[in-house]
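One structure is given below, encoded as structure tokens.
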Amino acid sequence: MSARDEFRAATKTALARRAAHFCSNPYCLKLTVGPSSVSTQALMSGHAAHIHAAAKGGPRYDALQTPEERCSIENGIWLCRECGVLVDADASGYPDAQLREWKKNHETMVSEVRSGGYSRSLALLQAGRTEPQIAKKIITSMEDRRSLWVTFDAEFPDRVRQSLDELRSRLATIRGELLEGSALDGILFALTKTILKFFNTVESSDLRTLRCNANDPEWMRFSEALAALRKSIGLQIANIAEAHDLKLSNDLQRIAPLNV
Ligand SMILES: [Zn+2]
């Protein structure tokens with residue numbers, strides 16, 4: 001059997017403490033420490049997992065790492081036992097970049113929790129669970145707005161206006177469910193601003209009577225503002241879809257440039 005570059009005990013302890021003993025998988029967040037039924041003892045169910053495997057042939061093994069790098073804290077992530085098994089059994093489903101992302105986000109969240117107090121802590125922990133569902137809701141509310149993405153319907157500016165109005169109020173409702181200052185909250189804020197900017201640009205035009213006409217400067221302004229809106233919204237939903245591993249419909253894919 002080949003040598004394993006195991007973590008030192010101090011490294012494991014540091015990883016556990018930096019994660020506040022919670023599993024770093026954002027979809028899990030299981031607490032990995034607690035009281036045992038024996039009154040003098042504690043139960044530990046956490047696991048200092050290797051991002052790149054400790055030994056040749058292991059998950060995400062990187063032959064270019066030195067033994068020191070392999071057992072350094074940078075190569076570790078704190079997970080519960082189940083998640084430890086999961087990420088090692090399906091190494092290609094959990095690439096090193098994703099584990100590093102989990103670790104970074106989790107440690108950032110723990111830092112915020114430490115400085116934010118108890119109620120904020122609970123809200124932040126909860127946000128980790130609810131954000132994926134809210135991300136899905138945002139995408140769905142975009143899918144429903146076909147008139148925004150389908151060229152044919154853009155020929156009826158008033159339909160676009162109505163659709164954007166509905167979208168804006170839907171986004172405001174979704175924003176109410178989010179923790180202020182979270183990443184998704186920031187994206188929703190940006191989306192709302194994008195829509196407002198569009199409305200400001202076309203403010204002086206009567207969208208009920210405006211029709212497609214390349215010689216009409218008002219139409220051109222509307223058309224350019226709509227193109228800019230689509231591009232901006234496209235980028236933002238591509239970010240959401242990528243961050244939460246969501247699939248976009250064909251309509252949305254046309255405006256959202258995914259890196260796949
Ligand atoms: Zn877990």
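The values are calculated or read from the model by the stated rules, or taken from the named source; none is laboratory data. Computed from a predicted structure; not experimentally measured. Note that we place each Cβ from the backbone using ideal geometry, even for glycine, and neighbour counts take in every protein chain shown.
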Review point. Which number in (1) surrounded by fewer than 17 Cβ atoms within 10 Å (Cβ to Cβ); (2) in a helix (DSSP H, G or I) marks the one condition that Asp206 misses?
Key: (2)
Point to revise | Qualifying residues in the range 233-247 (those that are at pLDDT 85 or above and not in a helix (DSSP H, G or I)) - the one surrounded by the most Cβ atoms within 10 Å (Cβ to Cβ) | key: Leu246
Study note, to complete from the structure: Within the range 7-57, the residues that are within 21 Å of Glu69 (Cβ to Cβ), in contact with a helix residue (DSSP H, G or I) (Cβ under 7 Å, 6 or more places away or on another chain) and within 16 Å of the ligand (Cβ to nearest atom) are Leu15, Arg18, Ala19, Ser24, His47, Ala48, Ala49, His50, Ile51
Review point. Does Arg60 meet the test of being under 21 Å from the mean Cα position of the chain (by Cα) and at pLDDT 95 or above?
Key: no
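Scanning the range 201-260 for residues that are at negative phi and acidic (Asp, Glu), which turns out farthest from the chain's Cα centre (by Cα)?
So, considering only residues that are at negative phi and acidic (Asp, Glu), the one farthest from the chain's Cα centre (by Cα) is Asp216.
Restricting to the range 63-103, give me the number of residues that are among the β-branched types (Val, Ile, Thr), within 16 Å of the ligand (Cβ to nearest atom) and not in a helix (DSSP H, G or I).
Residues that pass the stated criteria total 1.
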Practice item. Scan the range 209-231 for residues that are buried (at least 18 other Cβ atoms within 10 Å of the Cβ) and under 17 Å from Met142 (Cβ atoms) and jot them down. Key: Leu226, Leu229, Arg230
Check your understanding: For the range 12-30, how many residues meet the condition of being surrounded by 17 or more Cβ atoms within 10 Å (Cβ to Cβ) and either in a strand (DSSP E or B) or polar (S, T, N, Q) (or both)?
Key -> 3
Check your understanding: Across the range 19-52, what is the total count of residues that are without any contact (Cβ under 8 Å) to a residue 12 or more places away in the chain and under 22 Å from Ala89 (Cα atoms)?
Key -> 1
Check your understanding: Out of the residues in the range 112-136 that are polar (S, T, N, Q) and exposed (fewer than 12 other Cβ atoms within 10 Å of the Cβ), which is modelled with the lowest pLDDT?
Key -> Ser119
Point to revise | Selection within the range 31-85 - aliphatic (A, V, I, L, M), crowded, with 19+ Cβ neighbours inside 10 Å and touching a His at 6+ places or on another chain (Cβ under 7 Å) | key: Leu79
Practice item. Answer with yes or no whether His106 is within 19 Å of the chain's Cα centre (by Cα) and within 16 Å of the ligand (Cβ to nearest atom). Key: yes
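Mind checking which residues of the range 142-158 are modelled with pLDDT of 85 or more and surrounded by fewer than 16 Cβ atoms within 10 Å (Cβ to Cβ)?
Correct list: Asp158 only.
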